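J.: The following block contains the structure, expressed as structure tokens.
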Amino acid sequence: MGILRGGPPCARAMARLGAVRSHYCALLLAAALAVCAFYYLGSGRETFSSATKRLKEARAGAPAAPSPPVPELARGSVAPALGAKAKSLDGGGAGPVDYHLLMMFTKAEHNAALQAKARVALRSLLRLAKFEVVFHDVAVLMDKLFPVVEAMQKHFSAGSGTYYSDSIFFLSVAMHQIMPKEILRIIQLDLDLKYKTNIRELFEEFDSFLPGAVIGIAREMQPVYRHTFWQFRHENPKTRVGGPPPEGLPGFNSGVMLLNLEAMRQSPLYSRLLEPAQVQQLADKYHFRGHLGDQDFFTMIGMEHPELFHVLDCTWNRQLCTWWRDHGYSDVFEAYFRCEGHIRIYHGNCNTPIPEV
């Protein structure tokens, strides 16, 4: 697992970093591809899914397949450094600050389109900021993640073999339990993004979290959850669940997420919602059967406990997919899809091309 870590290298570059020279881009792209290789390339290497299967077999009493050796790159702490730690905002004695970013994807071995998305994302990110890359051993993280993932997959994935059935897409749910305690905040990003501003600015959104909020996330910009919650909406015709903004609750999109790990660790409410009995209770109440991994979980608990979430402006996750407009919801689509303001991150979800602007 690769975490991008860094920030502005000097005080005069606080507002906006200049373009990174091309050889820096090549270095980080190579490091990112090494992460991809660790997870997804070559025979005999353990993926997130195979680790899950191995743990499940072990807990069921079946002989567990031995974990293959972890490549040295994954064990090593840091890839070639691409930037220094950020200075404090006031330029004074607060000390350096780390800004942690995490990008996740899977099934990229023979997926040229996904590899192309990686190039777009990394080039646009590095054009405006510098980072170093830190690697984490996936096997160590899996031991902590598996008990939470196992309880959720049956509710929030479409079944074995589908893209979002991979356990990796539930990592954010328990990130606070498996990341080192010294990491207090992290931003998790999808791969199909294009950055139009320095990602450093997004970290300022953490300062706007209200007491009790643990996650920053943008609303879903299609009527996905109008559809998913159809039975609950039918039984509760005056509900806000699944309705368009600003009055409705359209659900969330997990393409860009701010995870306040320390707040997640300290929230009794969030901890309780991770319990399998609580997940089952809410799934039964809302007749919920999703297929989008962590996004579905956050959407479902957000219907019950919106106070856990800081809602990001749509310009931080401008989703471009229009699939539901052509599949039965053209009459209400624009109420979900509209987004006004200067776009800071484009999200080319459902393989939608990102405009060259």
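The values are calculated or read from the model by the stated rules, or taken from the named source; none is laboratory data. Just so it is clear, the structure is predicted and the values come from calculations on it, not from any experiment. All Cβ positions, glycine included, derive from the backbone under ideal geometry; neighbour counts span all protein chains shown. Protein only, heavy atoms only, side chains kept; ligands, DNA and RNA dropped before computing areas. Shrake-Rupley method; radii C 1.70, N 1.55, O 1.52, S 1.80 Å.
J.: What's the extension gain from His287 to Glu304 if we count 0.36 nm per residue and subtract their Cα-Cα distance?
T.: Between His287 and Glu304, full extension yields 4.8 nm more.
J.: While we're looking at this one, here's another question. Accessible area per residue for region 204-275 in Å², computed with a 1.4 Å probe and the full protein assembly in place, what is it?
T.: Accessible area per residue: 44 Å².
J.: Can you compute the modelled spin-label distance between Glu334 and Trp230, with each label point 7 Å from Cα toward Cβ, in nm?
T.: With each label point 7 Å from Cα toward Cβ, the separation is 2.5 nm.
J.: Once fully extended, how much extra length lies between Leu210 and Arg240, figured as 0.36 nm per residue of separation less the alpha-carbon to alpha-carbon distance?
T.: 8.6 nm
J.: Going by average Cβ neighbours within 10 Å, how do the peptides 97-104, 288-295, 322-329 rank, with the highest at the top?
T.: Descending packing order for the listed peptides: 288-295, 97-104, 322-329.
J.: Then there is this: Using a 1.4 Å probe over the heavy atoms of the protein chains, calculate the carbon and sulfur portion of the accessible area of region 307-357 as a whole percent.
T.: Here carbon and sulfur together make up 51 percent of the probe-accessible area.
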